[in-house]
Every structure is written in structure tokens, then in C-alpha cells.
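Working notes, beginning with the structure itself.
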Amino acid sequence: MYKGSCLCGAITFEVEGKLGSADACHCVQCRKWTGHFLPGTEVPRSAVTIEGSENITWYHSSEKVRRGFCNKCGSSLFFDPTDQDKHDWFGISLGAFDGPTDTKLALHIFVAEKGDYYELEDGLPQNEY
């Protein structure tokens, strides 16, 4: 069981089972949403329990995805495909977990859009988009 929350604690969540491998998204939208890039993991929807969901504001950043953040403290928490019939997963920001995640970054994505103020030198695979 993995637990996490937003900065102010108005939203808490639990994930049953192991977390999936993590990726780091460097797209412009993720950078603007988080202030840097977004390391996240995908978990089955059925594995996630959220308390305080009334404090989640969903922003539809495209026709394909919505992003969930705390409407009290602004924490970037969830990445949710809108076509839930085709996607049985839910993305969670790794920084929102309270303790160890027992996962590691496996991939960088959208590196063609990464900021010019940092380098990717960890040797992980990089997808341009």
C-alpha cells in the first residue's frame, strides 16, 4: 500500500499493489503545470482510493486528458485519460507520495519540448515525443 497527499492534506490517496514504472514528461504542458517536469507513475484505476475528492479541480488540458490538482494548495496530483473505456490506468505524480515509492524512472518522454535550463544525463532512454 502506498499513500500520498497534496501539500495541505485536503486530498489524500492510497494505491494498492506495486506502482508501475515511472516516466518523466518534459512536455510544455507538464512543465507549466508543475513548474519543472512531471515524474509520474501509472496505476490501475481500481487500485486507487481518493479521500477529499471534492477538493480536486480537473483541468482538461486536451481532448484526451484531464489533470487533477488541489483547489486549496495547488498541488499537481493526477493525470487522467478522458477515454476511460480504453485506458484502465490513472497517472499519479511521484512527488505526491508520502514515503518510498519502490520505483525508479525508466524513461524520459517529450524531450523535444524540455526546458533549456537543465540537461538529461542519467542515461535513461529518451523519447522525442
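Here is how the numbers come out for the structure above:
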{"read-out": "Computed Kirkwood radius, in angstrom, where 1/r is averaged over Cα pairs of the chain", "value": "15.0 Å"}
{"read-out": "Sites excluded, trypsin sites (Lys or Arg not before Pro) in DSSP loops with at most 13 other C-beta within 10 Å, longest stretch of the chain", "value": "19-63"}
{"read-out": "Of L105, L38, L94, the one that fluctuates the most in a GNM where the chain has Cα springs shorter than 10 Å", "value": "L105"}
{"read-out": "The range 1-77 shape via C-alpha gyration tensor axes, a/c threshold 1.5", "value": "oblate"}
{"read-out": "Where the Cα pairs of the range 45-120 fall when distances are cut into 5 Å bins, in %", "value": "3, 12, 18, 23, 22, 15, 6, 1"}
{"read-out": "Sparsely packed GluC sites (Glu not before Pro) within the range 1-87, loop by DSSP, other Cβ within 10 Å at most 15", "value": "E16, E63"}
{"read-out": "Residue-averaged [θ]222 nm for the chain, counting only DSSP H segments that reach four residues, each worth -39500 (n - 2.57)", "value": "-1500 deg cm²/dmol"}
{"read-out": "Bins of 5 Å from zero: percent of alpha-carbon pairs in the range 76-121", "value": "5, 14, 17, 20, 24, 15, 5, 1"}
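Taken together, the values in this text are just the output of simple stated rules run on the coordinates, not laboratory data. These numbers were taken from a predicted model, which means no experiment stands behind them. Glycine gets a Cβ as well: all are built from the backbone with ideal geometry, and neighbour counts include every protein chain shown.
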